[in-house]
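Working notes, beginning with the structure itself.
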Amino acid sequence: MDVISAPPPLVSSPDAGLALVRVKGLWLTVPAAAEPVNILRGIDLSIASGEAVAVVGPSGSGKTSLLMVLAGLERASAGSVQLAGQELTVLGEDALARLRREQVGIVFQAFHLIPTMTALENVAVPLELAGAADATERAAEGLRAVGLGHRTRHLPGQLSGGEQQRVALARAFAPRPRLLLADEPTGNLDHATGAAVMELLFALRAERGTTLLLITHEPDLAARCNRLVHLRDGRVVG
């Protein structure tokens, strides 16, 4: 894999340097009308705790599919996928859901906020599902951390695109995940707004020591990570 020249140091964490993510021989094959299609083809990948890794490659190279497998939202067809020492391929749906709640935050290009819930309620949902007694207080704290302490009662439709993505960031970070998966998080934002959102994402990651896997087409964002992983046709090529 290519290493960025003069990369930023790994974020200090209690188990910095230990692999949080271990992927070995990962295949993802999906059915198709003519014949099955291999989306991922024998991926090997290790991500250290506290590391920031950018995944780059052309459209259709398997970047989002890799993220979905790491999140336990897509099942590997073959190979091993370990997160925080747990083998995802043998877990049932309930166990995968618990693992996501406890270990993983996800930020997508689309904001995926619940339109009938306020910003505060959107951030509180994963905390409530995890059984946090202080879900509302932590959600409010999370919104203050992204500069939206004054917008807690607003519905998504009353917020700008940048504000909605900041709510999504607050929701992803609120459960204090060990791994943050971000799939083109600025794709629906203009350049200035997207830059501000990414400044916030990297600041929160640094403050909390969160491991990051970032899918991006933007070289400037990729260069802020410790390492680049290039995908092409479902394979790691550099």
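Each reported figure results from applying straightforward, stated rules to the coordinates on display, with no laboratory input. What you are looking at is a predicted structure, and each value in this text was computed from that prediction instead of being measured. All Cβ positions, even for glycine, are placed from backbone atoms using ideal geometry, and neighbour counts span all protein chains on display.
The table below gives the values:
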read-out	value
Average Cα contact separation per residue, region 100-186, under 8 Å, 6 or more apart, as relative contact order %	50
Compactness index (Cα Rg / 2.2 N^0.38 Å), the chain	1.00
Quotient of Cα Rg and 2.2 N^0.38 Å for region 86-188, N being how many residues it contains	1.06
Mean Cβ count within 10 Å, highest first, over the residues of peptides 129-135, 26-32	26-32, 129-135
Region 63-147: trypsin sites (Lys or Arg not before Pro) in DSSP loop, at most 14 other beta carbons within 10 Å	ARG75
Relative contact order for the chain, counting Cα pairs under 8 Å that sit 6 or more residues apart, in percent	31
Computed over region 138-190: relative contact order in percent, which uses C-alpha pairs under 8 Å that are six or more apart	39
